[in-house]
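Chemist: Below is one structure. I have some questions about it.
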């Protein structure tokens, strides 16, 4: 991408290191969701306006305070002279507006920060989101409070939290040292145990930086496989140069820049035994929505639509892995299912729908036609694929009474979603991506694209305009919260059991 500004000169950045991969992702894009209309108080933000769809995630930043001083940090937490922390009035305004958006679709609520678990009203905010009708409530966290307080995960679950997005950089304490604390992988392991014990599912959220931890993406997926009963997905996010890294120099930006094509390549090379193929096993995130559209047609009278991931193919991709929870055997779904043709078949079935019964009669035929039993893992047949498809429904809809229990349990073979989400910074800023950003930040000014919020200056202006108090005033009223930096150790009551994945026979069989 090359851009020229009369005032600032010419800027150039790389969008992909594999043109064929880039072209394939664009060719598989399935089309926009509905156009936003009549909601200027929610989406109207000039060039940063979100123009299509409901989005997949509504991010609510509860606080700009954090208990770490990480680099990178898209918010630049703990480096401001003021505190911006949402009041419960702010929280109510954000969620009341979100419920008023029409049409309604299934939506992930992501409480974030800073570190949201140290916000004064964290649990009350969760309860209010649940009270007004949001079911899929998540928290994006470094895991420290989940690890330090044995009962915190249970309290979060009782308040309404459904899933946890747990930040991870690798599978050693050393791989986390740029975050500041000296034992963060121990923290992650203990947090994961406590999260699972409370009946919550975890998603591993990874910021990937070239030359820092791009050599660890394979071992992170391996960690997820070894903990498949606890982990729902792995979300790998190439670094966005905002917040603490907004003013990075050109040479450093070029050396640290990481693309989605790099991710597909590195996972192929770092996961021997999986036989991951970039040109076969990866799809744009929008392809996920073909299934959501199908579920909408199976539930035509539902008041809330299925989740629809209207993400630009240059921003979001995914690859579904099949994992056996007992043996840890792993196989990319596309290695034995013609996923591209299956998606086209599902779209055709939906487009020519004559009612739910018609769809249900043709769905098994589409699954069978695209299943190759010769390539499938031993013991996995077409009926297993159909059963897996049935268990997929709660990931798109939460209107069934037992959706939560069904969403937290899978048969012996389980889908592990591995996704790449590349948010825009000013160097690769693309207004087409902004207009369909599936991640929106809920603010008192409406819902703003996550990319625009962090890259185009919205966060700084909004936070400063609505700052709670100065940092000095906050400390005087509330005291100083603990910040772990310069290699300090996070105190833990228990040390999580460490697994040596290299000697785990389950790992050797599958990865």
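Chemist: Report the residue count in the range 449-481 for those that are in a loop (DSSP other than H, G, I, E, B), surrounded by 13 or more Cβ atoms within 10 Å (Cβ to Cβ) and out of contact with any strand residue (DSSP E or B) (no Cβ under 9 Å at 6 or more places or on another chain).
Modeler: The number of residues fulfilling the criteria is 2.
Chemist: Using beta carbons and a limit of 7 Å, which pairs, at least six apart or on different chains, have the first residue in the range 393-412 and free of Cβ contacts under 8 Å to residues at least 12 places away in the same chain and the second one outside any loop (DSSP other than H, G, I, E, B) and loosely packed, with under 13 Cβ neighbours inside 10 Å?
Modeler: none
Chemist: Determine, yes or no, whether residue 347 is out of contact with any strand residue (DSSP E or B) (no Cβ under 8 Å at 6 or more places or on another chain), under 30 Å from residue 135 (Cα atoms), assigned to a helix (DSSP H, G or I) and touching a residue at least 60 places away in the same chain (Cβ under 8 Å).
Modeler: Yes: the conditions hold for residue 347.
Chemist: Next question, about the same structure. Being closer than 18 Å to residue 421 by Cα and touching a strand residue (DSSP E or B) at 6+ places or on another chain (Cβ under 7 Å) is the filter; apply it to the range 209-227 and report the residue that is surrounded by the fewest Cβ atoms within 10 Å (Cβ to Cβ).
Modeler: Here the residue is 214.
Chemist: State the number of residues belonging to the range 221-245 that are more than 22 Å from residue 426 (Cα to Cα) and in contact with a helix residue (DSSP H, G or I) (Cβ under 9 Å, 6 or more places away or on another chain).
Modeler: 12
Chemist: What single numbered condition from (1) crowded, with 19+ Cβ neighbours inside 10 Å; (2) touching a helix residue (DSSP H, G or I) at 6+ places or on another chain (Cβ under 7 Å); (3) in a loop (DSSP other than H, G, I, E, B); (4) in contact (Cβ under 8 Å) with a residue 60 or more places away in the chain fails to hold for residue 150?
Modeler: Going through the list (1) crowded, with 19+ Cβ neighbours inside 10 Å; (2) touching a helix residue (DSSP H, G or I) at 6+ places or on another chain (Cβ under 7 Å); (3) in a loop (DSSP other than H, G, I, E, B); (4) in contact (Cβ under 8 Å) with a residue 60 or more places away in the chain, residue 150 breaks only (1).
Chemist: Within the range 369-387, track down each residue that is outside any loop (DSSP other than H, G, I, E, B) and touching a residue at least 40 places away in the same chain (Cβ under 8 Å).
Modeler: 385 - this is the single residue of the range 369-387 that is outside any loop (DSSP other than H, G, I, E, B) and touching a residue at least 40 places away in the same chain (Cβ under 8 Å).
Chemist: Quick test for you: out of 284, 300, pick the one residue that is free of Cβ contacts under 8 Å to residues at least 60 places away in the same chain and under 21 Å from residue 105 (Cα atoms).
Modeler: 300
Chemist: From the list 366, 334, exactly one residue is within 25 Å of the chain's Cα centre (by Cα), surrounded by 14 or more Cβ atoms within 10 Å (Cβ to Cβ), assigned to a helix (DSSP H, G or I) and in contact (Cβ under 8 Å) with a residue 24 or more places away in the chain. Which is it?
Modeler: Only one candidate qualifies: 334.
Chemist: What tally of residues in the range 278-296 results from selecting those that are modelled with pLDDT of 95 or more and more than 27 Å from residue 12 (Cβ to Cβ)?
Modeler: Counting residues in the range 278-296 that are modelled with pLDDT of 95 or more and more than 27 Å from residue 12 (Cβ to Cβ) gives 3.
Chemist: Within the range 74-89, is even one residue assigned to a helix (DSSP H, G or I) and either closer than 27 Å to residue 239 by Cα or in contact with a helix residue (DSSP H, G or I) (Cβ under 8 Å, 6 or more places away or on another chain) (or both)?
Modeler: Looking through the range 74-89, at least one residue is assigned to a helix (DSSP H, G or I) and either closer than 27 Å to residue 239 by Cα or in contact with a helix residue (DSSP H, G or I) (Cβ under 8 Å, 6 or more places away or on another chain) (or both).
The values are calculated or read from the model by the stated rules, or taken from the named source; none is laboratory data. Quantities reported herein were computed from a predicted structural model and do not represent experimental measurements. Note that we place each Cβ from the backbone using ideal geometry, even for glycine, and neighbour counts take in every protein chain shown.
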